[in-house]
1. Counting Lys and Arg as +1 and Asp and Glu as -1, what is the net charge of the other residues whose Cβ lies under 10 Å from the Cβ of GLY33?
2. Sum up the charges of everything whose Cβ sits under 15 Å from the Cβ of THR104, counting Lys and Arg as +1 and Asp and Glu as -1, but leave THR104 out.
3. Rounded, prolate or oblate: which fits segment 28-124, taking a ≥ b ≥ c as square roots of the Cα gyration tensor eigenvalues, rounded meaning a/c under 1.5, else prolate when a/b beats b/c?
4. What full-extension length gain, to one decimal in nm, is calculated for ARG78 and ARG59 as 0.36 nm per residue of separation minus the Cα-Cα distance?
5. Can you list the HN-Hα couplings for segment 103-115, worked out from phi with the Karplus curve (6.51, -1.76, 1.60; θ = phi - 60°), rounded to whole Hz and with x for Gly and Pro?
6. What net charge do the residues around GLY67 carry, taking every other residue with its C-beta under 12 Å from that of GLY67, with Lys and Arg at +1 and Asp and Glu at -1?
Amino acid sequence: MNRRKVAFLAVLTLLAGGVSVFAQAGATGQIVGTVVDQTGAGVAAASVTLTNVATSEVRQTVTNALGDYVFPLVTPGRYKLEVSAAGFKSVVIESVDVRITQTTRVDVTLLATAPTEVVTVTAE
């Protein structure tokens, strides 16, 4: 083959690879949401865990200063979402459905836990 044909085939191969990447990204959805406390204030640094019910694949993220989180490029399917933060009761949402090219919004309200009292007794 001459050099032009080789260069042309190389460009076609690169373009085909790029199309494949875009096709894969288009075959996903995403989950977004905001974690707030009972007053409506965003909960920063809350741990958010996403588990694929069918495959048990686990992904984790942490909320930003406003309580927002995002899971991009999520394979379509059913998921379990768990949210926890220090000083709050954990929340588990058993059924979150993700569809192709859709953004699924899951906002979560965390309730404060009662402070734990520790009594230390020392004998004399």
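Since every read-out is calculated from the coordinates, none of them should be taken as a lab result. The model shown is predicted, which means the values in this text are computed figures rather than measured ones. Note that we place each Cβ from the backbone using ideal geometry, even for glycine, and neighbour counts take in every protein chain shown.
1. -1
2. Once positives and negatives cancel, what remains is +1.
3. prolate
4. 5.5 nm
5. Result, rounded to whole Hz: 9, 9, 9, 10, 8, 10, 10, 9, 9, 5, 8, 5, x.
6. In short, -3.
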